[in-house]
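Engineer: This structure is in structure tokens; I'll ask about it shortly.
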Amino acid sequence: MTKVYSLAVLIVAWAVTAALVQSRLLPGPLTIGTTIIADIRSGELPFHMACTLGRVIGSFAIAMLLGIAAGYAMGRSKTADRYADPWLIVLINMPALVTIIFAYVWIGLNETAAILAVAVNKLPNVIVVMREGTRALDPDIDDMAKVFQFTAFKRIRHIVMPQLAPYLAASSRSGLSIVWKIVLVVELIGRPNGVGFVLGSAFSLFDMASILSYAICFIVLMLVIESLLVQPLERRANRWRRRPA
Amino acid sequence: MKDARTAGDAAPLELRIDAKSYVSADGKRVEVVRGLELRLEAGSFGALIGPSGCGKTTILRIAAGLDADFRGQILTPGAGRLGMVFQEPRLLPWRTVEDNVRLALPVDRSGVDLADLFDTLGLGSHLAQYPGELSLGLARRAAIARAFAIQPDFLLLDEPFVSLDEAVAARLRDELMALTTRTKVTTLLVTHHLEEAVQLADRLFFLSDRPTHVIFEKALSLPRGTRSKEDIASISEEMRSLVAQAVTGAGPR
């Protein structure tokens, strides 16, 4: 309930400021509302959102899969960690923009380049978190599994996954938000569609109504995914934990 | 020169650790075990008794095949299926009691009926609970159930009753006695509690301080399960004086 209140305050503040300023550069909530409805009717907004969402899902999936594998290997093996750690540091410190430019120059101005560039930007963060999670795996439980001759499948399903679940949840939450922000940049620079592309052309026309309506729609979409998908999965993974009193 | 192989059925459990040491945090080599030898006939129950910190858990880890960094040899009985009860219950907190026990079963036996076992250990009404909701006594029972569910050829118990209150520990000892008698599994118990060892075991091995070896061993003539409280008290007294003699007889090191 407090959340709704706080959002309402924000919208009211926005409406009041817009009414006071009376400028084309700060449209009020009502103008934005009608713009959004018009854009949805024309099919423009759903189309660009779908383009962006597809890229988000693609690069998120690639980053998570590679990141889990690499992070797990680096957490388990000191040798792997020693070899891969310098690369990781280079990746972490690589500005997103540089990766994007490299991808477009080397691979070409296409979908593969766009998705890979975003995945590479997100990857080091997943690796770091999953490596941390792997290092925190309980060696006593590993011993127990060894004594009772757990199969590899049982170990992954019943011992490793439950312990990594909180780390997985943490990296997918931060992952989702990082990924969609970078996807917009990728689209702005080198794609003919998607929310980032629309924001770029709206910027050159100083079309604040479009910018605000697309930004709001996309934030809402991400919030919906977060609360309908990420949070329930997290709750499920933590079902066994006793609630703090 | 280390070797862990599996002998045929009804073979004894043989453990020979010539030397076991580790490098401590300050870089010194610490010798934990030196020249330890013990042999336990198939189907019998042995107890390792020693002061705390003498390396009992190290010995059990070697016997369990969890630590291969030693000089010596272990020979395990039967097909080598090992059951173990660790000092802490080591249950998976994210699985229920029943799942914890069933997960230890080989895939082809995962659906087997365990009602008897759960009943013997008084776990019947706790099967759907998570380990975090259990008392230590119940968690230990679940760990014992897990070790017996797999029908082990030999069983290692690492102070399974430590830090339980005496009434609970006594009940659990009786339950363990019933289970080991029924299954005739070769069992090695580690404990610092002499009366507990005297109540449960056929054969006692007394351990020295570090570097650990067997000071002396003693087979108890009165069959296990028939020893009364008075028997246990008097045998324990006798053992205490034997240990004292053995230690002073060995002279100062």
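Every number here is computed from the coordinates shown, using simple stated rules; none is lab data. All values derive from a computational prediction rather than experimental measurement. Note that each Cβ is placed from the backbone with ideal geometry, even for glycine, and that neighbours are counted across all protein chains shown.
Engineer: So which residues in segment B:91-108 are surrounded by fewer than 20 Cβ atoms within 10 Å (Cβ to Cβ) and within 12 Å of chain A (Cβ to nearest Cβ), if there are any at all?
Structural biologist: Within segment B:91-108, B:P93, B:R95, B:T96, B:D99, B:R102, B:L105, B:P106, B:V107, B:D108 meet the criteria.
Engineer: Quick one: in segment B:118-154, of everything that is touching a Phe, Trp or Tyr at 6+ places or on another chain (Cβ under 8 Å) and surrounded by 19 or more Cβ atoms within 10 Å (Cβ to Cβ), which residue is nearest to A:W240 (Cα to Cα)?
Structural biologist: Only one residue tops the list, namely B:Y130.
Engineer: Right, next: Those residues that are within 14 Å of chain A (Cβ to nearest Cβ) and either in a loop (DSSP other than H, G, I, E, B) or within 14 Å of the chain's Cα centre (by Cα) (or both), I need them from segment B:147-159; list them, please.
Structural biologist: Answer for segment B:147-159, where residues must be within 14 Å of chain A (Cβ to nearest Cβ) and either in a loop (DSSP other than H, G, I, E, B) or within 14 Å of the chain's Cα centre (by Cα) (or both): B:A147, B:F148, B:I150, B:Q151, B:P152, B:D153, B:F154, B:L155, B:L156, B:L157, B:D158.
Engineer: Being farther than 22 Å from A:A114 by Cβ, within 14 Å of chain B (Cβ to nearest Cβ) and of a type outside the set (D, E): is that true of A:A209 here?
Structural biologist: So A:A209 fails the test.
Engineer: Another one. How many residues are at negative phi, surrounded by fewer than 23 Cβ atoms within 10 Å (Cβ to Cβ) and touching a residue at least 12 places away in the same chain (Cβ under 8 Å) when one looks only at segment B:181-195?
Structural biologist: 7
Engineer: Can you name every residue in segment A:190-201 that is crowded, with 17+ Cβ neighbours inside 10 Å and farther than 16 Å from A:I40 by Cβ?
Structural biologist: A:G190, A:R191, A:G194, A:G196, A:F197, A:L199, A:G200
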